[in-house]
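Student: Below are the structure tokens for one structure; questions will follow.
Throughout, read-outs are computed from the coordinates displayed, never taken from laboratory work. Because the structure is predicted, anything quoted here is derived from the model rather than measured. Glycine also receives a Cβ, built like all others from the backbone with ideal geometry; neighbour counts cover every protein chain displayed.
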Amino acid sequence: MKFPKRGVNELSILSELRSKYCLDAKHDLGEVLGSMTTKPLDVAIRAFEIFWRSNLNDPYTFPGSSIIEREVIEALADLYECNDCSGLITTGGSESNLTALYIIRELGFSTVGVPKSAHFSVFKACKLLKLNIYELDLDKDFRVSIGSVKEALDKGVRAFIFTAGTTELGLIDPIDKLGRVINEYSGLIHVDAAYAGFVIPFLKELGLKVPKVSFSNPAVRSLCVDGHKMGLTPIPNSALILRPPELIKYVEFPARYMPLNIQRGLLGTRTAGSAAALYAVIKYLGIEGFTEVVKYVMGLLKYLIKRLREEDFSVPVEPDVPIVCIEVKDPDKYLKELAKRRLFVYKCSLIKGVRVVIMPHLSRYDLDRFIEALKNVRREIG
Ligand code: 0PR
């Protein structure tokens, strides 16, 4: 469009925007099956609206916002068993991973061990920071191979990124086991729990056996968890937790005209709406509420896998968290055909297939509709 000479009225602008919004997939209609986004809780939206004008980077003018950020970080540190952590709210897993890797580089590491299954934001951050990547192999069940980590340690690698809830297959790397080995070499770990950070701590409440992911392991020095994924907040929202708390100093930059002379974080102005939304969800749900949400999505996960197998679809991996990879010959064709039916999934690449992320906006009805569509597509394209 051309930059308009004269303004037009609000109603016509909003109706124009609504007609464009019609093109987007809708969570409420069960159309969003691949994206890790979901419908935020109402209380999170209201909290966001109260604070969205305040800047988290200016605790002088917006001290209330800064208290909220600190309390959210404290609550998440508590959830992940850290009694001496600091941290900050960022825009998402990408920024949290970039920040963690920036700190790793500033600590003097030049190479990081990264599993092949890590999210692309980790590879992107290494490129931006000119960090060397030591690519870690996966074992036969697609988690990072312990042998490969030991080899990396032998070759002098001391900094590692592991994923708690891999993007493509929903698997948890054996972080605690690896942490014990890495700790013997005085190495460190950043845990990317962007997706499953609000799932894993509640699985054990459901009596499910899950590998331990927490700061109880001394090698774990940072962990990120996204509000805008399973934290049920609006976008943008991620939290990065750091140990020891002094690590935060690495992301405090001189800002001479600011009242406190510093600016925190790799980006600039940060909306306090993010901190307020996460604060609201944590208070509103508590451990019990989150456990209910996780019970619901894990129930749907079991249902989807069972139904897919009944219909002779191949689901080669048993995920730890609600992400399903369905093996198909030509994922792109499936995506195209499913999109024609307004069902939007993603691809998995470690196993060639289509990926479904089961988020809380989905229901059994949506999954049944998806399976019917999948069967029709298979019939058409094989
Ligand atoms: N780490 C992990 C393990 C992730 O799965 C992701 C996002 C990130 C980091 C990066 O998070 P941000 O994108 O919030 O910075 N994985 C999502 C995915 O690949 C990203 C996404 C989300 C893509 C919603 C599209 C979308 O509509 O599914």
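Student: Give me the lysines in straight-line cross-link reach of Lys295: C-alpha distance below 22 Å, same-chain residues under 8 apart excluded.
Tutor: Cross-link targets: Lys39, Lys204, Lys209, Lys212, Lys229, Lys283, Lys306.
Student: Let me ask something additional. What is the dipole size for the range 156-306, taken about its Cα centre, with +1 at each Lys and Arg Cβ and -1 at each Asp and Glu Cβ, in debye to the nearest 20?
Tutor: So the magnitude is around 80 debye.
Student: Pull the list of the chain cysteines that no other Cys approaches to under 4.7 Å, Cβ to Cβ.
Tutor: Among the cysteines of the chain, those whose Cβ sits 4.7 Å or more from every other are Cys22, Cys126, Cys224.
Student: Also, quick follow-up: Alpha carbon centre of the range 345-381 versus the range 61-137: separation in Å?
Tutor: After rounding, the separation between the Cα centres reads 31 Å.
Student: Further question on the same structure: Report, to one decimal in Å, the Kirkwood hydrodynamic radius for the chain based on all distinct Cα pairs.
Tutor: After inverting the mean inverse Cα-Cα distance, the result is 21.9 Å.
Student: Quote the relative contact order of the chain in percent (integer), defining contacts as alpha-carbon pairs under 8 Å separated by 6+ residues.
Tutor: So the answer I get is 24 percent.
Student: A further question follows. Evaluate the charge dipole of the range 42-284 about its Cα centre and quote only its size in Debye, nearest 20, assuming +1 on the Cβ of each Lys and Arg and -1 on the Cβ of each Asp and Glu.
Tutor: 340
Student: Have a look at Gly156, Leu129, Ser86 and report the one farthest towards the positive end of the charge dipole of the chain, computed about the Cα centre with Cβ charges (Lys/Arg +1, Asp/Glu -1).
Tutor: Leu129
Student: Arranged from highest to lowest average of other beta-carbon atoms within 10 Å per residue, in what order do the peptides 359-369, 38-48 appear?
Tutor: Descending packing order for the listed peptides: 38-48, 359-369.
Student: A further question on this structure: Could you give the dipole magnitude of the range 56-170 about its Cα centre, charging the beta-carbon of Lys and Arg +1 and that of Asp and Glu -1, in debye to the nearest 20?
Tutor: 600
Student: What's the exposure ranking of Glu49, Glu380, going from fewest to most Cβ atoms within 10 Å?
Tutor: Fewest to most other Cβ atoms nearby, the residues stand as Glu380, Glu49.
Student: If you don't mind, another one. For the peptides 258-265, 63-70, what is the packing order when you average, over each peptide's residues, the other Cβ atoms within 10 Å and list the highest mean first?
Tutor: The most tightly packed comes first, giving 63-70, 258-265.
Student: Mind checking which of Ala255, Ser35, Tyr303 is farthest towards the positive end of the chain's charge dipole, using Cβ charges of +1 (Lys, Arg) and -1 (Asp, Glu) about the Cα centre?
Tutor: Sorting the options by dipole projection puts first Ser35.
Student: Taking the Cα-to-Cβ direction at Lys150 and at Leu11 and moving 7 Å from each Cα, how far apart do the two end points lie in nm?
Tutor: The modelled label-to-label distance comes out at 7.3 nm.
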